[in-house]
Amino acid sequence: MIARAYAKINISLDVIGKREDGYHLLQMIMQQIDLYDNISVEKADNGIVLKTNRSYLPVDKSNLAYKAAELFMNNYNIGSGLTIEIEKNIPVSAGLAGGSTDAAAILMLLNRLFEVNAPQEELMELSLGLGADVPFCIKGGTALCENIGELITPLEPFKNHLLVLVKPPFGVSTKEVYKGIKLEKIHKHPDTERLIEAVENQDLSFVSHNMKNVLENVTLRKHNKIRTIKKKLMDNGALGAMMSGSGPSVFGFFDDILTAQKCYDAMKKEYKEVFLTRTI
C-alpha cells in the first residue's frame, strides 16, 4: 500500500504568546505543496522494519515514521508486524514538515491497511503526541493552524500557485529557533486576517507582498545565507520570498512558468536542493 506524503510551507507564521508549559502560541497559515515522499507499508510477521533511500536517515525509534507506526499499532492493539519503505525527496531539518508528513502518511496508511477505519479527527488527535505539524499533514490542503498548531481551520484551497523552493546546505533545529524567540522584540506581526481573505480570494499578489514569518528574526541572525537566497529569488522575478517554518528553506511565489523556470535554473547553479513546484 503506497501513499504520497506532501511537504508544507507557511504563508504566514506568527508567535502571539507563550504557555506556562513553555510552548509558544502560534497563528499560522499552512499550505501543502507538490513535493512529496513516497511511503509504502505492508504487513509482516512481527516487529517494525523501516527502510529508506537515504543513508543519513535513522531507521529506528528515533525516526518519526517509526514512532507513528508504533503509536498506531499500540493504540489499536495490532498484533501483526510491519515493513515500511520511505523514498525521501523532501529535504530534512528544512522547515517543510518532512518528518511530520511521513508520520501522518503512516497513520493514514495503517488505518487502511489494518482496516481500523478510525475517523480523520481521531487520527489527528492521536497524532498530536508526535508533533504539532502532524495533525495538519493529516488534514492537508490550506489551513489556519492555531495554539501550538493543533487547532486547524480549513481555508479555501490556495492551489496551483507556482513557487521555487531552495534548501541551503545546512539544517536548523526547530527547538533552538523557538528558544531564541523574544516576544517583546517582535514588533511587526503578519496581518493574518487579511492574508486569510487574500488566500480565499486567490490573490497571489497580496499574499506574496504581505506574507510574514516572525521566526525569520531568529534564524536570520545565525544564517545570513537565508537573506541572500531571499534576495536572489526576488532578483529572479519572485513576487515575494519568505522562509518556511523555522527554516532554513526559502520559497518564492511566481505568476508565470517561464519566469519560475528561469529562476529555478539560476538557483540550481548555486544550490543542490532546489525545487520548482506548486501549491496543492
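If the condition is being loosely packed, with under 13 Cβ neighbours inside 10 Å, at pLDDT below 90 and either among the β-branched types (Val, Ile, Thr) or part of a loop (DSSP other than H, G, I, E, B) (or both), then the range 174-193 contributes LYS182, HIS187.
Taking first residues from the range 153-170 that are part of a loop (DSSP other than H, G, I, E, B) and partners that are among the small types (Gly, Ala, Ser), the Cβ contacts under 6 Å between residues at least 6 apart in sequence or on separate chains come to LEU155/ALA143; PRO157/GLY141. Scanning the range 130-163 for residues that are more than 15 Å from the chain's Cα centre (by Cα) and hydrophobic (A, V, I, L, M, F, W, C) turns up LEU151, LEU155, PHE158, LEU162.
Here ALA132 meets the list (1) touching a Gly at 6+ places or on another chain (Cβ under 8 Å); (2) under 27 Å from GLY79 (Cβ atoms); (3) at pLDDT below 95 almost entirely, failing just condition (2). Please determine, by comparing only the residues of the range 31-51 that are acidic (Asp, Glu) and in a strand (DSSP E or B), which one is surrounded by the most Cβ atoms within 10 Å (Cβ to Cβ). Filtering first and then ranking leaves ASP37. Every test in (1) within 30 Å of ALA260 (Cβ to Cβ); (2) buried (at least 22 other Cβ atoms within 10 Å of the Cβ); (3) modelled with pLDDT of 95 or more is passed by ILE84 save one, and that test is (1). With the condition kept exactly as written, say whether any residue in the range 202-212 is at pLDDT below 95 and either of a type in the set (S, T, N, Q) or assigned to a helix (DSSP H, G or I) (or both). Within the range 202-212 (the criterion being at pLDDT below 95 and either of a type in the set (S, T, N, Q) or assigned to a helix (DSSP H, G or I) (or both)), the answer is no, since none of the residues qualifies. Give me the residue from the range 6-27 that is among the β-branched types (Val, Ile, Thr) and within 19 Å of GLY240 (Cβ to Cβ) and, out of that set, surrounded by the fewest Cβ atoms within 10 Å (Cβ to Cβ). It comes out as ILE9.
The values are calculated or read from the model by the stated rules, or taken from the named source; none is laboratory data. Since the model is a prediction, treat every value here as computed from it, not as a measurement. Cβ: placed from backbone, ideal geometry, glycine included. Neighbour counts: every protein chain shown.
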